[in-house]
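The values are calculated or read from the model by the stated rules, or taken from the named source; none is laboratory data. This one's a predicted model, so the numbers in the text were calculated from it and none came from an experiment. A quick note on method: Cβ atoms are made from the backbone with ideal geometry, for glycine too, and the neighbour counts reach across all protein chains shown. Just so you know, the surface numbers come from the protein's heavy atoms only, side chains and all, with ligands and any DNA or RNA stripped out. Shrake-Rupley method; radii C 1.70, N 1.55, O 1.52, S 1.80 Å.
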Amino acid sequence: VLQLLRGVQRGSEDRKLSLGRLRWALQNKETQQKFVRLDGSIRTLIGLFTSSLADMQMEAARCLHELSHSSDPAVAEACLPVTSYLLTYLSGHSVEFTELCLYTLGNLVVESEAVRKQLLPQGIIPVLASCIQSPHEAVLEGLGYVLSQLLQAKEAPAEIIPLVLDSVLPQHMLRLVRSGLKAGTGAAVEFAWCLHYIICSHTANAALLSLGALPALSSLLLDVASEVPQDAPEGLELLICPVLRCLSNLLAEETSCEVQLQDERLLVALFLILQRLLQQHPFIAQECLWLLNNLTADQPFFCSALLSLDLVPALLQLMPCSQMASVLVLTVLCNIAEKGPAYCQQLHRQPALPLLLPTLTLPDPEVVGQCLELLHLLFLHWPEAAADFVRQGGHRALEQHQSTPELQERARALLDMVRQPPGAAAFSACHATLSAFS
């Protein structure tokens, strides 16, 4: 390592070759640690990084990029003197050079709070904001990477997100996510996750809503559903996932948002996305169901739309996907049943009861408990469902849970309901909007 550094410092004709070898050597963790401890090592790299020789400048940038990959905070902090130059060169002379500076910055801010503390006063947010109108996808993707790392920092809610909100970044992020399908999804994915981290901080939702986040994100889902072929391209799920979470979390925070989203095409889009992606990416069921729950939690519009579009059978088919999917499907059905007799009557007309009976025999108390909650709402608002339930032998499944500690009270209350006049026994129902993904 010392020989390589001396070869770089001597300024001989072999300097570029020594830099290339140094870059290769710096891929090793121990070499990184030894290099930063050598006197003048970082100063030498900075000298070449800021030189007027483009080839030397690029090789030095590659060496610094290798150093930035270190998981040792001491290595990241040794690179503190280079941060101001990295920011300056974001308006560099080549796309490759700018991209390299962005990823080096992104890697450094992950590992070191000291680096982040230094970059904020140096104006990293305004500089990044000036880059976001770049026409180059590679630059935008690198920019999204730096932002996503900054927004995940522990100090982000108090120190970073307010600066981001005061810049032009949010509206441009929304624009780039919206155009993600046509421009290539790399940058769109990064910016979608950036929006997700901002929303999860619970400090920025009003600002994002005022910028039109809901229509922008919902329009993207509609585009995905209408344009994606049956064999969806790999990587599309990486864009859809944060978009679903952003919508879900905005709805979880602000129930009045649902008035702005009264478009039944959203439901069709969700089920088309499930149809195209579920087999290869089973996790997408939970993401879609989380949004569906938050859409149906308070306002009746989407509850009515689910019934009128005859999507309940497709909804019930998602239950075997996972334990969480089962709970969420039942919660969505509870959201519908809570709306009163007319909704329960329509649910009763669907093939819901025959599919719920096997659920009562499952060994999972959470799933069974949510099923009991749904049955309670159905029986309370539409007594014919209780009579039908008894005719199908459902009361025998309830009797099995009379000895299950966490279920016995509700099971007995339901048995009372099916044996006595409606309303004789009731237990409280609580279907608040589910809390946001963190």
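Things worth noting here:
- Of 178, 245, 43, the residue with the largest accessible area leads and the full order is 43, 178, 245 (1.4 Å probe).
- Where 117, 29 fall by accessible area, highest first, once all protein chains stay in place (1.4 Å): 29, 117
- Between the helical axis of 185-200 and the longest alpha-carbon principal axis of the chain there is an angle of about 70 degrees.
- Between 18, 41, 403, the GNM of the chain built on Cα springs shorter than 10 angstrom shows 403 fluctuating the most.
- Förster radius 35 Å - calculated FRET efficiency between residue 30 and residue 203, Cβ distance, rounded to 0.05: 0.25
- Largest GNM mean-square fluctuation across 142, 235, 186, computed for the chain with C-alpha springs under 10 Å, falls on 235.
- Split the accessible area of the chain by element, probe 1.4 Å, and carbon with sulfur accounts for 52%.
- Cβ crowding within 10 Å averaged over residues, with 73-79, 291-297, 189-195 ranked highest first: 189-195, 291-297, 73-79
- (i) 42, 25, 19; (ii) 56, 22, 18; (iii) 36, 33, 21, with the label sought being that of the calculated semi-axes √(5λ) of the Cα gyration tensor in Å: (ii)
- Förster radius 41 Å - calculated FRET efficiency between residue 310 and residue 404 (Cβ-Cβ, nearest 0.05): 0.75
- Using a cutoff of 8 angstrom between alpha carbon atoms and counting only pairs six or more residues apart, the relative contact order for the range 198-328 works out to 26 percent.
- Probe 1.4 Å, accessible area per residue of the chain, Å²: 42
- Take every Cα pair under 8 Å whose residues are at least 6 apart in sequence, average their separation, divide by the length of the range 1-122, and the relative contact order is 21 percent.
- Order of exposure, largest accessible area first, which applies to 98, 88 with probe 1.4 Å: 88, 98
- Rounded to the nearest 10 degrees, the inclination of helix 365-381 to the longest alpha-carbon principal axis of the chain is 50 degrees.
- In degrees, nearest ten, helix 15-25 long axis to first principal axis of the chain (Cα): 30
- FRET efficiency, 1/(1 + (r/R0)^6) with R0 35 Å, evaluated for residue 159 and residue 223 via beta carbons: 0.50
- Overall form of the range 1-122 per C-alpha gyration tensor (a/c, 1.5; a/b vs b/c): oblate
- Length-normalised contact order for the chain - Cα pairs under 8 Å, 6+ apart - percent: 9
- Amide N proximity, the range 50-74 versus residue 114 label position 7 Å along Cα-to-Cβ, cut-off under 14 Å: 72-74
- Most fluctuating residue given options 213, 386, 54, as computed from a GNM of the chain linking Cα atoms under 10 Å: 54
- Accessible surface of residue 298 - all protein chains present, 1.4 Å probe, nearest 10 Å²: 70
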